[in-house]
Every structure is written in C-alpha cells, then in structure tokens.
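Structure, as structure tokens:
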Amino acid sequence: MVEVKGLVKRYGSLTVLRGVDVTFPPGVTALVGPNASGKTTLLKSILGLVIPQEGSIHVMGEPVTGHPEIRRHVGYMPQMVQFPENLTLKEILEWVQDLRNVRVDLEPWVSWVGLEEFVDKPFGYLSGGTRQKVGMVAALMFDTPVLILDEPTAGLDPLSNTRFKEKIREERDRGKTIILTSHILSELEGLADRVVFLLEGKIIFEGSREALLDHTGKPDMEQAIAYLMQENGSEVR
C-alpha cells in the first residue's frame, strides 16, 4: 500500500502538487490526467526521487523521506527506459541485480518477453519496443509488493502487450499494489480496479472504476475521463 498525505511540491513560483491526499491500496490503480497535471511528479515523489516541500508518503508503512531503502519494495518502469547504451541486455539486467543486491534467474524473464536473441546486443542497438521489454523485466523480476508503471505499453507489439496485461492481472491477484499510467485510456479499461484523476496538482476523483462510470454517466473510462476534464475546464489532450 502507498499512502500520500498533504503533498505539496513547488518549483520556484510554480506549484505542481497542491496538497495531494491519496491512497493506493492493493490492486491496480490507474493514475490519469492531462499533460502537466502532476502525475510524474507524484510518482517520482513516491520513489523518493523528488522531495516535496510539505506532506508525507508511506510505502508499505515506511516513510519515504530520509529512507531510500524503501525502494526495495518498489518495481519501477519509467515512460522512457534508459540504460547505458554500451551495455548488453545481459549486462544491464546483472547490473540492476547488483544495485538491488538480489539475484534472480534471468532466463525465464528473458524468455517471457522474447528477448533471447538480444541478450548479447548493446542497449543502444535495440528498438524502442525492445527497450520497453527490457524495462518490463527490470521492473517486474524482483517480485516487489509495489509496482509503478509509467506508460508501460508504449511501443509494445500486440503479443508483448497481451503478455504484459496478463502478468499485471496475475500480480494484482497476488495482492500487489500497482500504479499504472497511460495516455491510451482504452489500455487501462480491462486492468484498472480504481481510478485517480489528477488535474493541476489536485485530486479531482478517486474511487473504483464503477464509481467513476456512475459519477459521470459514461459507458467507459475514456469517455468518463474526457467528461471530467471538460467539466473541470481542461482541454482534452
């Protein structure tokens, strides 16, 4: 579980998060909102990569601020997967294990996403979709209780996309807390148990997918979020 209370983050005169109170319980929560709504800042605050001016964050009951070791609880996949361009896929995954000080049998993970032929190729030679697969493995292979996945399906081929969604459902059924973002809301439709809608640094809606549809009177998440954006004076982007 991830608990955020009274979170405020300012960059100079720009306030990005405005007293955010939100809880991410076990299950899949879709964190959605337009560009510049504060989603990435919120995620990076949970990871301890951004330090807020006010508020608190607890991951699995432990405070984030001043305790970088809580990252052992979290698997993270950023929107843009970046690793040293000269390292091979195998070297990257071994390096990530060294950083975590945890050893994992890599073969099943490499096979799961079809990366066998790329094991000895430098990261710089990999396509965007293949890089996403590397990011998926790096995020999921440590069996952490919390997963933060930022635009994880971008560039994936249909088969990899399907396997990824199946894996997320499996992890949800195992009781993990999963925070998922995507600009393609239809991608979230069959995955999300809950929805958190963030706009201009404030929580506009937090609740189950069914509650969102009931609240907006719309038949699916895409139309429901578009309705909330229009209702709150934001352009649909």
Condition broken by residue 103, with the remaining ones in (1) of a type outside the set (S, T, N, Q); (2) part of a helix (DSSP H, G or I); (3) within 30 Å of residue 173 (Cα to Cα) satisfied: (2)
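Restricting the stretch 210-229 to residues that are touching a residue at least 60 places away in the same chain (Cβ under 8 Å) and surrounded by 21 or more Cβ atoms within 10 Å (Cβ to Cβ), which is farthest from residue 34 (Cα to Cα)? Step through it out loud before you land on a result.
So in the stretch 210-229, the residues touching a residue at least 60 places away in the same chain (Cβ under 8 Å) come out as 221, 225, 229.
Those left that are additionally surrounded by 21 or more Cβ atoms within 10 Å (Cβ to Cβ): 221, 225.
Values: 221: 14, 225: 10 Å.
Ranking the candidates gives 221 first.
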Exactly one of these conditions fails for residue 210: (1) under 17 Å from the mean Cα position of the chain (by Cα); (2) assigned to a helix (DSSP H, G or I); (3) of a type outside the set (Gly, Ala, Ser). Give me its number. (1)
All positions within the stretch 68-104 that are free of Cβ contacts under 8 Å to residues at least 40 places away in the same chain, surrounded by 13 or more Cβ atoms within 10 Å (Cβ to Cβ) and not acidic (Asp, Glu): 70, 71, 87, 88, 90, 95, 97, 104
Counting only residues that are in contact (Cβ under 8 Å) with a residue 60 or more places away in the chain and among the polar types (S, T, N, Q), how many does the stretch 116-147 have? 1
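For the stretch 75-86, check the following and say yes or no: at least one residue is under 20 Å from residue 149 (Cα atoms) and in contact with a Lys or Arg (Cβ under 7 Å, 6 or more places away or on another chain). First the steps, then the outcome.
So the first thing to find is which residues in the stretch 75-86 are under 20 Å from residue 149 (Cα atoms), and the list is 75-83.
Of the ones still in play, those that are also in contact with a Lys or Arg (Cβ under 7 Å, 6 or more places away or on another chain) are 81.
Checked against the condition, which is being under 20 Å from residue 149 (Cα atoms) and in contact with a Lys or Arg (Cβ under 7 Å, 6 or more places away or on another chain), the stretch 75-86 yields at least one hit.
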Is at least one residue of the stretch 26-36 surrounded by 14 or more Cβ atoms within 10 Å (Cβ to Cβ), of a type in the set (A, V, I, L, M, F, W, C), at pLDDT below 90 and more than 25 Å from residue 164 (Cα to Cα)? yes
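The values are calculated or read from the model by the stated rules, or taken from the named source; none is laboratory data. In this text the structure is predicted, and so the values were computed from the model without any measurement. Counting neighbours? That spans all protein chains shown, and the Cβs are built from the backbone with ideal geometry, glycine included.
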